[in-house]
Structures are given as structure tokens and as C-alpha cells.
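The values are calculated or read from the model by the stated rules, or taken from the named source; none is laboratory data. In this text the structure is predicted, and so the values were computed from the model without any measurement. All Cβ positions, even for glycine, are placed from backbone atoms using ideal geometry, and neighbour counts span all protein chains on display.
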Amino acid sequence: WDTAGQERFRALAPMYYRGSAAAIIVYDITKEETFQTLKNWVKELRQHGPPEIVVAIAGNKCDLSDAREVPEKDAKDYADSIHAIFVETSAKNAINIDEVFTEISKRIPVVDGGGSSARSFKLGRQASESRRSCC
């Protein structure tokens, strides 16, 4: 879900990340306040989200590094401190977008689909007698 960091979506946030395997939290490297807001979203996610959720922090607009307000080192250090993936991206120029998803896919545990489990069941049609009647 893309809430664009808008406060009006905060109450709906649990619905967005319930059952999620990963979350990408994006900030604008040219606006310090977006990085501070990101920290609030991380806190919310850690408190109320799935315990094993993979978190990725994406510093967007890396193509505008001349206007940077958030030092890359600060963002990287923060991501390391919360055990999150960190990547600087440019949605406009498609820089490192694939890398974010690749890194997330490396951290999401593989779900074993084989074998049987008490929590699984087999889907299929049961054989039933066909009874036809014209009346």
C-alpha cells in the first residue's frame, strides 16, 4: 500500500501491514522531515506489525543528490540499527528499484510447500453419486 506518508492513513496502517512479509518505507532524501516521519512509521510497524516482517528503507530521489538534506551515512546507520535493508533509489529514473525487491526476496523466509501439516488441507472435489431426476 502506498500511503504517501499522509497522516490521515495512520489509523488504517495496521490493515496495510497485517500478514505482510515485507514493508518498504520510503523517504525523500531532499526533505529531512520525511526521514523523521519514516522513523515514526518504523516504530509503528515494529510495535504493531508482524514480528518477522522484513523492513526496507528506500531513500528516494537519489538523482537529486545536489539538493540532499539527509546524509546517506545517517540513513544507512539508522537502517543498520534497526536491521533493515537500505537502498537509495530514484523512482523517476528507475535507479535501484529492482535492487530493493531483490534484497527483500533474499530475506523473506522460504515457505515449505511440501509435506503435510496439521494446518494444511487438500483441495479437491469429492466423488459423489450423480442422481438425476426429470421431475
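Data overview
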quantity	calculated
Residue 49 vs. criteria over 13 Å from the mean Cα position of the chain (by Cα), modelled with pLDDT under 95 and not polar (S, T, N, Q)	no
Candidate set from region 17-40 (those that are part of a helix (DSSP H, G or I) and in contact with a helix residue (DSSP H, G or I) (Cβ under 8 Å, 6 or more places away or on another chain)); member that is modelled with the lowest pLDDT	17
Residue, farthest from the chain's Cα centre (by Cα), within region 15-33, restricted to residues that are closer than 19 Å to residue 97 by Cα and not small (Gly, Ala, Ser)	30
So residue 102, is it within 19 Å of residue 39 (Cα to Cα) and of a type in the set (Ser, Thr, Tyr)	no
Residues of region 22-67 satisfying the condition of being under 16 Å from residue 86 (Cα atoms) and among the acidic types (Asp, Glu)	28
Verdict on residue 56 being touching a residue at least 40 places away in the same chain (Cβ under 8 Å) and surrounded by 14 or more Cβ atoms within 10 Å (Cβ to Cβ)	yes
Residues of region 55-109 classified as more than 19 Å from residue 17 (Cβ to Cβ), assigned to a helix (DSSP H, G or I) and either of a type in the set (Phe, Trp, Tyr) or over 17 Å from the mean Cα position of the chain (by Cα) (or both), total	14
Condition check for residue 61: at positive phi and modelled with pLDDT of 95 or more	yes
Matching residues, region 60-106, being of a type in the set (Asp, Glu) and either free of Cβ contacts under 8 Å to residues at least 40 places away in the same chain or loosely packed, with under 14 Cβ neighbours inside 10 Å (or both)	63, 66, 69, 74, 77, 80, 98, 99
For residue 38: the one exception among (1) more than 29 Å from residue 109 (Cβ to Cβ); (2) among the aliphatic types (A, V, I, L, M); (3) surrounded by 15 or more Cβ atoms within 10 Å (Cβ to Cβ)	(1)
